[in-house]
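> Once you've had a glance at the structure underneath, I'll fire off some questions.
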Amino acid sequence: MKNILSLPTPCYVIDEKSLIHNLEILQYVEQETGCHVLLAQKAFSTYHTYPLISKYISGTTASGLFEAKLAHEEMPDKQIHVYSPAFTDNDFDELLTMCDHIVFNSFSQWKHFRKKALQHPEIEFGLRINPEYSEIETDIYNPCFTNSRLGITLANFEENELEGISGLHFHTMCEQGSDTLQRTLEIVEQRFGKYFRKMKWINFGGGHHVTRPDYDVEKLINCINNIKNKYSVQVYIEPGEAVALNAGWLVTSVLDIIKNNMDIAIVDTSAACHMPDVLEMPYRPMIIGSKEKNVLPYTYRLGAPTCLAGDVIGDYSFDKPLNIGDKLIFTDMAIYSMVKNNTFNGMPLPSIYLLKSNGETQLLKKFDYSDFKRRL
Ligand SMILES: *Cc1c(COP(=O)(O)O)cnc(C)c1O
């Protein structure tokens, strides 16, 4: 941690050791099942680590043209998959030059692009189905909530339009265990199982928290092998979070300490700008050496140097009083952070460092005023 505390703040630090630990687990899943694991770049696309990632898993998936291009440039020797709720004509032409799998969200998109698609026998085309079953309780993250646009429901499934389609894709999970997958697969099979036999592959989407310490990896392996053997299909999973779970920190400095009924520390990072899921999810990120409020003797509310009243990261207690200049380390900050951050309020973007397995830190990216100005 000493290395990290000497870095200029704010900064994200990717922990190579933890990344490798996660990748070893995902590689084990591939080895035990013959399935393919793809990095969902939406969660983590700090491409400097792609050469490392590519040593362990089969490739990447993209949410659209830009992520696919990034994979094409930075992990070109591995599989590139793409799914989007709707492709534009221009994007589709370019995707045809770089993707191995293209997944459509509707039969109308499939029919619109089918003629072009079928001129590319080297590419496999799939459809995202919506099994109308998800255990996610937050609507904003639930692809199966009422009137969802994501995936084709059974009522809208046009079984006579499957020529040229080689796979089905579902994505209905978020930070969940393999028990959820098992229950989901039962429903998916009940509703769409009759089409599985016509397919070469089934993609189980993301949301599998495979690298969380209490995740039942053996159950995942059973689920995959079961579908694979029963229907003679290849299985894909495309976790985002699980690849870089607990594999990064956000380091911040205390800028000021003030009082309004309670002690408030203003830090040089922002929930709204640097860890938007804190407000969107919402959740309370962990800080090394801290506990819930009022557990240790000194409690502070941590807030950002922005004008947004609600840009509060949370309340934390410490065993010593905080001082101006102190550094704090937020954990699990590799995922959905660098990919989602922004310069609202003219906030600077945190630099990105890699903490290598040998203990050295390497600066990957540094940002400045021009990054703010260029986008406006
Ligand atoms: C978000 C998403 C993923 C990755 O989800 P994680 O929760 O990060 O594992 C995979 N596939 C699709 C289609 C997604 O939308």
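> So which of HIS171, HIS209 is touching a helix residue (DSSP H, G or I) at 6+ places or on another chain (Cβ under 9 Å) and within 13 Å of the ligand (Cβ to nearest atom)?
Working: HIS171 fails: touching a helix residue (DSSP H, G or I) at 6+ places or on another chain (Cβ under 9 Å).
Answer to the selection: HIS209.
> Which ones in the stretch 349-376 are of a type in the set (S, T, N, Q) and either within 17 Å of SER337 (Cα to Cα) or free of Cβ contacts under 8 Å to residues at least 24 places away in the same chain (or both)? Steps first, answer last, please.
Within the stretch 349-376, the subset of a type in the set (S, T, N, Q) is 351, 357-358, 361-362, 370.
Passing the criteria: SER351, ASN358, GLN362, SER370.
> In addition: Just to verify a result, which residue in the stretch 247-277, among those that are of a type in the set (Val, Ile, Thr) and open to solvent by 10 Å² or more (accessible area, probe 1.4 Å), is nearest to ILE335 (Cα to Cα)? Walk me through it before giving the result.
Going residue by residue through the stretch 247-277, those that are of a type in the set (Val, Ile, Thr) are 251-252, 254, 257-258, 264, 266-267, 269.
Now restrict to residues that are open to solvent by 10 Å² or more (accessible area, probe 1.4 Å): 257-258, 264, 266.
Working: ILE257: 29, ILE258: 31, ILE264: 27, ILE266: 24 Å.
The extreme case among them is ILE266.
> Which number in (1) touching a Phe, Trp or Tyr at 6+ places or on another chain (Cβ under 9 Å); (2) under 25 Å from MET275 (Cα atoms); (3) within 14 Å of the ligand (Cβ to nearest atom); (4) not charged (D, E, K, R) marks the one condition that ILE14 misses?
Among (1) touching a Phe, Trp or Tyr at 6+ places or on another chain (Cβ under 9 Å); (2) under 25 Å from MET275 (Cα atoms); (3) within 14 Å of the ligand (Cβ to nearest atom); (4) not charged (D, E, K, R), the lone unmet condition for ILE14 is (3).
> Quick one: what pairs do we get from the stretch 136-154, first residue assigned to a helix (DSSP H, G or I), second at pLDDT 95 or above and of a type in the set (D, E, K, R), C-beta under 6 Å, 6+ apart or different chains?
LEU154/ARG191
> Within the set of pairs 6 or more residues apart or between chains, which connect a residue that is under 25 Å from LEU245 (Cβ atoms) inside the stretch 310-333 to a residue that is assigned to a strand (DSSP E or B) and open to solvent by 40 Å² or more (accessible area, probe 1.4 Å) with Cβ atoms less than 9 Å apart?
VAL312/ARG301; ILE313/ARG301; GLY314/ARG301; ASP315/MET262; ASP315/ARG301; TYR316/LYS291; TYR316/ARG301
> When only residues in the stretch 244-281 that are touching a helix residue (DSSP H, G or I) at 6+ places or on another chain (Cβ under 6 Å) and free of Cβ contacts under 8 Å to residues at least 40 places away in the same chain count, which is farthest from the ligand (Cβ to nearest atom)?
Selected residue: LEU279.
> Would you mention how many residues in the stretch 282-298 are assigned to a loop (DSSP other than H, G, I, E, B) and either free of Cβ contacts under 8 Å to residues at least 24 places away in the same chain or open to solvent by less than 50 Å² (accessible area, probe 1.4 Å) (or both)?
To start, the set of residues in the stretch 282-298 that are assigned to a loop (DSSP other than H, G, I, E, B) comprises 282-286, 288-290, 292-297.
From what's left, either free of Cβ contacts under 8 Å to residues at least 24 places away in the same chain or open to solvent by less than 50 Å² (accessible area, probe 1.4 Å) (or both): 282-283, 285, 290, 294-297.
Number of matching residues: 8.
> Let me ask you something else. Is one or more of the residues making up the stretch 36-56 open to solvent by 40 Å² or more (accessible area, probe 1.4 Å), within 21 Å of ASN22 (Cβ to Cβ) and in a strand (DSSP E or B)? Please lay out each step first, then the result.
The initial filter retains those residues of the stretch 36-56 that are open to solvent by 40 Å² or more (accessible area, probe 1.4 Å), namely 36, 42, 47-48, 51, 55-56.
Going one step further and asking which of them are within 21 Å of ASN22 (Cβ to Cβ), we end up with 36, 42, 47-48, 51, 55-56.
Cutting the leftovers down to in a strand (DSSP E or B) gives us 36.
The answer is yes; a qualifying residue exists.
> Name the residue that is farthest from VAL278 (Cα to Cα), counting only residues in the stretch 115-135 that are assigned to a helix (DSSP H, G or I) and open to solvent by 60 Å² or more (accessible area, probe 1.4 Å).
Step one: list which residues in the stretch 115-135 are assigned to a helix (DSSP H, G or I), which gives 115-117.
Restricting the remaining residues to those that are open to solvent by 60 Å² or more (accessible area, probe 1.4 Å) gives 115-116.
Values: LYS115: 44, LYS116: 42 Å.
Across the stretch 115-135, the extreme among qualifying residues is LYS115.
> Another question, if that's okay. Which numbered condition trips up GLU241, out of (1) away from the ligand (no atom under 16 Å from the Cβ); (2) open to solvent by 20 Å² or more (accessible area, probe 1.4 Å)?
Of the numbered conditions (1) away from the ligand (no atom under 16 Å from the Cβ); (2) open to solvent by 20 Å² or more (accessible area, probe 1.4 Å), the odd one out for GLU241 is (1).
> Now for a different question. Of a type outside the set (Asp, Glu), surrounded by fewer than 17 Cβ atoms within 10 Å (Cβ to Cβ) and within 15 Å of the ligand (Cβ to nearest atom), is that true of ILE80? Don't jump to the end; show me each part of the working.
Values: of a type outside the set (Asp, Glu): yes; surrounded by fewer than 17 Cβ atoms within 10 Å (Cβ to Cβ): no; within 15 Å of the ligand (Cβ to nearest atom): yes.
The answer is no for ILE80.
> Tell me whether the stretch 348-367 contains one or more residues that are among the small types (Gly, Ala, Ser), open to solvent by 30 Å² or more (accessible area, probe 1.4 Å), at pLDDT 95 or above and not in a loop (DSSP other than H, G, I, E, B).
For the stretch 348-367, residues among the small types (Gly, Ala, Ser), open to solvent by 30 Å² or more (accessible area, probe 1.4 Å), at pLDDT 95 or above and not in a loop (DSSP other than H, G, I, E, B): absent.
> Just one of (1) open to solvent by 60 Å² or more (accessible area, probe 1.4 Å); (2) within 16 Å of the ligand (Cβ to nearest atom); (3) touching a residue at least 60 places away in the same chain (Cβ under 8 Å) trips up TYR336, so point out which.
(1)
> Testing ILE202 on (1) open to solvent by less than 60 Å² (accessible area, probe 1.4 Å); (2) farther than 17 Å from SER166 by Cα, one condition comes back false. Which one is that?
(2)
> Which ones in the stretch 305-331 are under 15 Å from GLU280 (Cβ atoms) and not in a strand (DSSP E or B)?
Applying the first criterion (under 15 Å from GLU280 (Cβ atoms)) to the stretch 305-331 yields 308, 310-314.
Within the stretch 305-331, LEU308, GLY310, ASP311 meet the criteria.
> Give the stretch 57-75 a look and list any residue that's within 23 Å of ARG128 (Cβ to Cβ) and open to solvent by 20 Å² or more (accessible area, probe 1.4 Å), or say none. Break it down into steps so the answer makes sense when it comes.
We begin by selecting, within the stretch 57-75, every residue within 23 Å of ARG128 (Cβ to Cβ); these are 57-72, 75.
Scanning the stretch 57-75 gives SER63, PHE66, GLU67, LYS69, LEU70, HIS72.
The values are calculated or read from the model by the stated rules, or taken from the named source; none is laboratory data. These figures come from a predicted structure and were not determined experimentally. Ideal geometry is used to build each Cβ from the backbone, glycine not excepted, and the neighbour counts take in all protein chains shown. Please note that ligands, DNA and RNA were not included when accessible areas were found on the heavy atoms of the full protein model with its side chains. Shrake-Rupley method; radii C 1.70, N 1.55, O 1.52, S 1.80 Å.
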